[in-house]
Each structure stands twice: as structure tokens, then as C-alpha cells.
Amino acid sequence: MASATQNSSGAIRKLVQFGEAALRPQLVNGRWRKPQISPRYAARIRKESIACGTYGTFDPTTGSGWDPAWDSPGRIGTTSALRPPKLHKNYRDRENRATNIESLMEGMDERIDQFRKEKQDKKPSKSIDNLYKRLTRRKR
């Protein structure tokens, strides 16, 4: 952890000097300036303080810890961050497809029998008249 703190010592120095203002963009002369500490470094410092057990307090003399008021609103610790991943649509709709297939399978044997019977009824009967018509038909 010491090497990560040494790498972000400039960010910690800015946190000690400016506090929360170092983490937020600022409007200066009608133009927005980026935050003095990038969100990536802020997340890194926050993660280090959680690992060290200093989350919730900030000591300006040593520069260790993280004040929970600095967390970005709507990003860290909100319910939207804990939302499950969306996945592919076929994974999400799997239960609906299964219930739909089960409902369609009810009475399927009767429908298959009815279809086969209708198909058989459409065919011409095997009478002598139909045999004669078929044999005397002109072939082109």
C-alpha cells in the first residue's frame, strides 16, 4: 500500500490543501476547469483507505483516510451501482419462453392428430374413378 500512496502523494497533498474542492470541477470565468484530482486517483485513494481501515475519517497531518462526504453522489454506494448486469436478451427472456412453450405444448397431441387427419382428408380417395383419371391424364 505504501507504493500506491507514494505515487498519489500529489493528490493527497491537494486533498489536504483544498479538501472536497479538489475532487470537483470548478467554474472559473465562465469556463469549467477539470478537477485537480482525477476520478481515477480519487477512487484509488478511497480504495486504499478502505483497505487500511481509515475510511470515514481524514487526518490532514498525515493525509490518510477518506471522508465519506467526498464520495460522488449517485455513483458510489447507490442502488444503481448494485443493479445486476443486463445480460443478453435471450438470457433475460428465458423463463418467459419456457412458460410460453409449455402453454403451447398443452393439447399438442390432439392438434397433431387433427392436422394429420385434415391432411389425409385433403388427399383424393383411392377409388377406381380417381385411378382412371390419374392414368388417362395427359403428360406434358
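The values are calculated or read from the model by the stated rules, or taken from the named source; none is laboratory data. All values reported here derive from a predicted model rather than from experimental measurement. Glycine gets a Cβ as well: all are built from the backbone with ideal geometry, and neighbour counts include every protein chain shown.
I need every pair where a residue in segment 3-15 that is of a type outside the set (Ser, Thr, Tyr) and at pLDDT below 55 has its Cβ under 9 Å from the Cβ of a residue that is assigned to a loop (DSSP other than H, G, I, E, B) and loosely packed, with under 11 Cβ neighbours inside 10 Å, sequence separation at least 6 or different chains.
Pairs found: none.
Can you tell me how many residues in segment 23-43 are surrounded by fewer than 17 Cβ atoms within 10 Å (Cβ to Cβ) and within 15 Å of Ser9 (Cβ to Cβ)?
1
For segment 25-43, what are the residues that are among the charged types (D, E, K, R) and at pLDDT 90 or above?
Arg31, Arg33, Lys34
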